[in-house]
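First up is the structure itself, then whatever we jot down about it.
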Amino acid sequence: YGLSSEIVNKRTEDGLINFNDSQIGKTTWQIIRDNVFTFFNMLYLVITVMLCIAKLFNNLTYLLVVIPNIIISLVQEFQAKKTIEKLSLVQATKAVVVRDGTKQEIDNTAVVLDDVVVFKVGNQIYADSIVIDGTAEVNESMITGESDAILKHQGDMLYSGSFVVSGTIYARVEYVGNDNYIEKLAEEAKKQKENKSELLRTLNMVVKIVGIVIVPLFIFQFFGSYGWTMKWDYENFQSAMKGASGSVI
């Protein structure tokens with residue numbers, strides 16, 4: 001008979017539907033922030049503004065490296081984000097469910113917990129379910145890596161992402177949305193894991209040291225050439241900026 005319309009509506013209101021709302025990876029703003037608004041880019045920006053004030057445009061050649069580097073980083077991360085968003089191991093869009101004693105075809109995202117669903121040859125399983133009637137062979141290679149079909153009987157578990165290769169079965173939905181086993185696997189695959197290599201740790205330490213030293217270095221070198229007076233001298237400013245910016249860049 002399946003679930004009644006009243007129970008389905010209640011399940012839907014409670015959010016017990018087969019919809020994955022997890023946000024994996026960086027947002028567009030996070031990608032822009034991490035690649036544009038970095039410490040060194042902000043330092044480049046300050047130096048660029050000061051060089052423009054000093055009209056030392058010939059000293060801006062470092063931008064030929066900085067700007068393409070930012071653009072390449074942004075393009076690579078946006079391409080990675082696009083690829084991650086396409087990483088979905090469940091491609092089935094339609095589901096056949098039994099509700100109020102009749103079969104209905106609905107979107108798989110409208111399937112609710114405890115729905116009675118029907119799987120037949122060629123169908124992809126879109127929600128972890130328990131077989132309640134029938135027998136079928138299921139290919140679970142996307143989950144286990146094994147290509148051999150597994151025979152499923154009453155009481156056996158069906159995992160989302162697998163395919164029915166023979167037979168027809170009725171099953172009760174056990175997990176929906178983010179709780180599905182395949183979604184947990186996909187979430188782990190999409191996570192960005194920090195590289196713990198010794199080389200990266202050493203480079204990070206060098207960058208931190210340089211970041212701490214570079215600002216006072218610029219200040220002392222600039223005022224060492226310009227003089228520690230607050231009196232404005234444009235030609236002296238040009239000369240001080242030329243030496244200090246070259247060293248820092």
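The values are calculated or read from the model by the stated rules, or taken from the named source; none is laboratory data. Keep in mind that this is a model prediction, so the values were computed, not measured. Using ideal geometry, Cβ is built from the backbone for each residue, glycine included, and neighbour counts are taken over all protein chains shown. Surface accessibility is based on the protein's heavy atoms, side chains included, excluding ligands, DNA and RNA. Shrake-Rupley method; radii C 1.70, N 1.55, O 1.52, S 1.80 Å.
Give the residue, chosen from V210, V131, V138, V121, that is within 30 Å of K10 (Cβ to Cβ) and either of a type in the set (A, V, I, L, M) or exposed (fewer than 13 other Cβ atoms within 10 Å of the Cβ) (or both). I'd like the intermediate steps shown before the answer.
Details: V210 fails: within 30 Å of K10 (Cβ to Cβ); V138 fails: within 30 Å of K10 (Cβ to Cβ); V121 fails: within 30 Å of K10 (Cβ to Cβ).
None of the others qualify; the one that does is V131.
Looking at this structure, is K103 modelled with pLDDT of 90 or more, over 15 Å from L158 (Cα atoms) and surrounded by fewer than 16 Cβ atoms within 10 Å (Cβ to Cβ)? Steps first, please.
Values: modelled with pLDDT of 90 or more: yes; over 15 Å from L158 (Cα atoms): yes; surrounded by fewer than 16 Cβ atoms within 10 Å (Cβ to Cβ): yes.
Answer is yes for this residue.
Would it be correct to say that A95 is modelled with pLDDT under 95, surrounded by 15 or more Cβ atoms within 10 Å (Cβ to Cβ), assigned to a loop (DSSP other than H, G, I, E, B) and among the hydrophobic types (A, V, I, L, M, F, W, C)? Don't jump to the end; show me each part of the working.
Numbers: modelled with pLDDT under 95: yes; surrounded by 15 or more Cβ atoms within 10 Å (Cβ to Cβ): yes; assigned to a loop (DSSP other than H, G, I, E, B): no; among the hydrophobic types (A, V, I, L, M, F, W, C): yes.
Here the answer is no, as A95 does not meet what is asked.
Looking at segment 99-151 only, could you name the residues that are of a type in the set (S, T, N, Q) and not in a strand (DSSP E or B)?
Going through segment 99-151, the residues of a type in the set (S, T, N, Q) turn out to be 102, 104, 108-109, 123-124, 129, 135, 139, 141, 144, 147.
Residues satisfying the conditions are N108, T109, N123, S141, T144, S147.
If we scan segment 54-63, do we find a residue that is in a loop (DSSP other than H, G, I, E, B), out of contact with any strand residue (DSSP E or B) (no Cβ under 9 Å at 6 or more places or on another chain), among the aliphatic types (A, V, I, L, M) and under 30 Å from Y159 (Cβ atoms)? Walk me through it before giving the result.
As a first pass, look at segment 54-63 and keep what is in a loop (DSSP other than H, G, I, E, B): 54-56, 61-62.
The next check asks that each one be out of contact with any strand residue (DSSP E or B) (no Cβ under 9 Å at 6 or more places or on another chain); those that pass are 54-56, 61-62.
Right, trim to among the aliphatic types (A, V, I, L, M) and you get 54, 56.
Imposing the further condition that a residue be under 30 Å from Y159 (Cβ atoms) reduces the set to none.
No, segment 54-63 has no match at all.
Exactly one of (1) open to solvent by 30 Å² or more (accessible area, probe 1.4 Å); (2) under 36 Å from the mean Cα position of the chain (by Cα); (3) of a type outside the set (D, E); (4) closer than 30 Å to V111 by Cα is unmet by T168. Its number?
(2)
Inside segment 219-249, can you point out the residues that are hydrophobic (A, V, I, L, M, F, W, C), assigned to a helix (DSSP H, G or I) and within 38 Å of the chain's Cα centre (by Cα)? Steps first, please.
To start, the set of residues in segment 219-249 that are hydrophobic (A, V, I, L, M, F, W, C) comprises 219-220, 222-223, 228, 230, 232, 237, 240-241, 244, 248-249.
Still in the list and also assigned to a helix (DSSP H, G or I): 219-220, 222-223, 237, 240-241, 244, 248.
Selection gives V248 alone.
Please go through segment 185-204 and pick out each residue that is open to solvent by 70 Å² or more (accessible area, probe 1.4 Å), within 25 Å of T27 (Cα to Cα) and at pLDDT 80 or above.
N204
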